[in-house]
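Written below as structure tokens is the structure these notes are about.
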Amino acid sequence: MSLPPNFLDELRTRTSLTQVAGRKVMWDARKSNQGKGDMWASCPFHQEKSASFHVDDRKGYYYCFGCHAKGDAISFVRETENVDFMEAVRILAGEAGMQMPERDPQAQAKADRNTQLVEVMEQAVRFFRMQLKTSAGADARDYLAGRKLSEGTQEQFEIGFAPDAWQGLWDHLVQANVAPELILECGLAKPSQKGGKPYDTFRGRIMFPIRDARGRCIAFGGRAMDPNDNAKYLNSPETPLFDKSRTLYNHGPARTAAGKGQPLIVAEGYMDVIALSVAGFEASVAPLGTAVTEHQLQMMWRVADEPIIALDGDTAGLRAAHRVIDIALPLLEAGKSLRFAIMPEGQDPDDLLQAKGAKALQALLDDALPMVQLLWQRETEGRVYDSPERKAALDKALREKIKLIVDPSIRGHYGQAIKDLRWELFRTKRTGGPVGGAGRGNYSSNYSGNFGGKFKQRIEPARASTRTSLLAASDEMAHIRLREAVILASLILNPSVLVEFEADIEAMRCNSPDYARLRDLILRYADTGPDQLRMQIEQEFGVAELETLLALPHVALAPPVRNPGDEELARQTIPEELAKLEAHYGLQTEIMEAEEDMSGIADEAVTWRLGQAAEASHKATRSQQEDRTEYERADNGADLSRDERERFGALLDKISFSKPRRH
């Protein structure tokens, strides 16, 4: 059975020799350079101690400097698995997700036919090159000079010109004894609908030969010289040689340059690729007038692990980048990803190089965004998340995208990265920044930090003695900080209930910088589980600080802290404490507004408002769970449960016997 040459070419393109050989050898980490596809190991074909077996993954060949064994992925499978050629191909095709072609007795005839088509295409390249040098190509030469393409560059990329004539190329090829059916099959001409002589596909255009990875001309791209032409760029139609969804412009030279360590850059068009190559970025390719396809992504990853998508800085360029993300997500593998360099608004890589040079472009490439960052920007940019419903919609949209990732490890890392970005977004909201809209309140003015979307300085945690002194605090905010401590401790020991109160906790004012930091840690890590949450808090907040918080008497007596894991108690306690905090702030607001009103003419409305606010505060303070409780009035005027006061005294006595009382 004969196989079509195109099938074997695609199989070799899809197959990583490093992965195939890696099943049989152990790579030498000291000599190998995986980023460049330069791998070394002890030879599997003979006994040796040194690493003389070399794989060039870019070119797809191996060679042993000891026994001189050499070949490609197919020959490697044949030798190591002891199978014949067709079975080796079948094994690799199955791994690459390719279906073996049906038995075709005419396969050799098709291969010979394709060879003839390639010869016709090469004649067309020479014809277009010749026409560029004639008087008919004067305007095309002026245009190329205006784009700063030297004659050497034009020669390197074999740029030509198709004269504005109906049968210019047709007549030339027919006179060279090329069969008319070959010209039509190459897509160089189209049959007349009026029964006349076929006419040239390309007329009045600057011509760019499109070559496959083996360097064969398989198609053309043409740029119209007439600004009023309906199609600015025109590619060859699909032919036995050309499938635009499986082809990259400048594929072969870019693969060679990437093998020497250059980053693979994916631009939008021919001129961008040429400009990049002239500027020293030789590992540059472009899709052919369509969005990047799955096949093209696989081809890119075969050349480089992390291609940089450099698209135009306009709405169309961003849309194209977003389409690439959706195509790439299901295909991601460990070590295979994309980065995105978005050009300045209204510019493409060629424009940027002309205006600011290679250093400006290199700076953009160095700052290229990882794919997860662009995904986040797409879902959040220009939107305000000032309600639970909007936040839920964001979470749902991102979950749907992350589900597309097949690899479970990558899916998990994407989930964590999205969670970190979400935390940053809503942390900015809580610290008073503009992102995400305004919440119910920002941090208290006691929060000594400098914000602008990110922390400008690190806030040192308060000492344990300072936090313990909270019990002795006599200012009017002491009981507020006590309630905050109960809420935070309840969440630390019962993190699964956070989802029910997340919006309220995000908006909760914290009158201590340490409690604000602790609240943010809970929001960030609560869904990792109690053990992981506690570990993160101990690492970022401090072991001693956390133990001091949980040991505070008023915290230790709280039902959710006394009974960790009892979610029902946490569900009762947390909303009550939040309501008490809210009632307090409401009363304080009324008092401040009343003071302002009384500076003018006081009336009964002021008294009524204060009374209503005080009553609301009193109702919130006395929860439903406390309705049947006996209270005593403390020295500071607060109502204390007699039962809890007795238990509190007993706990203090117990502490005093076990260790010295802190002062």
Quick check on the range 20-75: take the gyration tensor over C-alpha atoms, sort the square-rooted eigenvalues as a ≥ b ≥ c, and tell me if it's rounded (a/c under 1.5), prolate or oblate. oblate
Would you work out if the range 388-430 is rounded, prolate or oblate? Take a ≥ b ≥ c from the square roots of the eigenvalues of the alpha-carbon gyration tensor; rounded if a/c is under 1.5, else prolate when a/b is larger than b/c, oblate otherwise. oblate
Taking neighbour Cβ counts within 10 Å as the exposure measure, how do Thr380, Thr247 sort from fewest upward? Thr380, Thr247
List, in order, the whole-Hz ³J(HN,Hα) value for each residue of the range 17-23 obtained from phi through the Karplus relation with A = 6.51, B = -1.76, C = 1.60 and θ = phi - 60°; use x for Gly and Pro. 5, 4, 5, 5, 6, x, 6
Which length gain, in nm to one decimal place, applies between His413 and Val83 when the Cα-Cα distance is subtracted from 0.36 nm times their residue separation? 114.8 nm
Just to check I understand the Karplus step: with θ = phi - 60° and J = 6.51 cos²θ - 1.76 cosθ + 1.60, what whole-Hz values come out for the range 37-53, glycine and proline as x? x, 9, 10, 10, 7, 5, 5, x, 9, 8, 7, 7, 9, 8, 8, 10, 8
Expected sort for Ile418, Ile206 with the fewest Cβ neighbours (10 Å cutoff) up front is Ile418, Ile206
For the range 342-403, would you read off the P(r) tail past 16 Å as a percentage of all alpha carbon pairs? 59 percent
Report, in whole Å, the centroid distance computed from the Cα atoms of the range 357-406 and the range 11-56. 37 Å
Using amide H atoms built 1.01 Å from N in the peptide plane, name the residues 5+ places from Tyr199, or on other chains, whose amide H lies under 5 Å from its own. Lys190, Ser192
Which of the pairs Lys391/Lys419; Lys336/Lys391; Lys133/Lys356; Lys59/Lys260; Lys260/Lys336 have their Cα atoms more than 22 Å apart in this structure? Lys336/Lys391; Lys133/Lys356
Dividing the mean separation of Cα pairs under 8 Å (6+ apart) by the residue count of the range 5-96 yields a relative contact order in percent of 23 percent
Among Met508, Met130, what is the fewest-to-most ranking by other Cβ atoms within 10 Å? Met130, Met508
Which length gain, in nm to one decimal place, applies between His295 and Ala397 when the Cα-Cα distance is subtracted from 0.36 nm times their residue separation? 34.1 nm
Computed ³J(HN,Hα) along the range 570-579: with the Karplus parameters 6.51/-1.76/1.60, θ = phi - 60°, integer Hz and x for glycine or proline, the list is 5, 5, 7, 6, 4, x, 5, 5, 4, 5
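No value in this document is a laboratory result; all are computed from the given coordinates. Since this is a predicted model, take the numbers as computed values, not measurements. Every residue, glycine among them, receives a Cβ derived from its backbone with ideal geometry; neighbour counts consider all protein chains shown.
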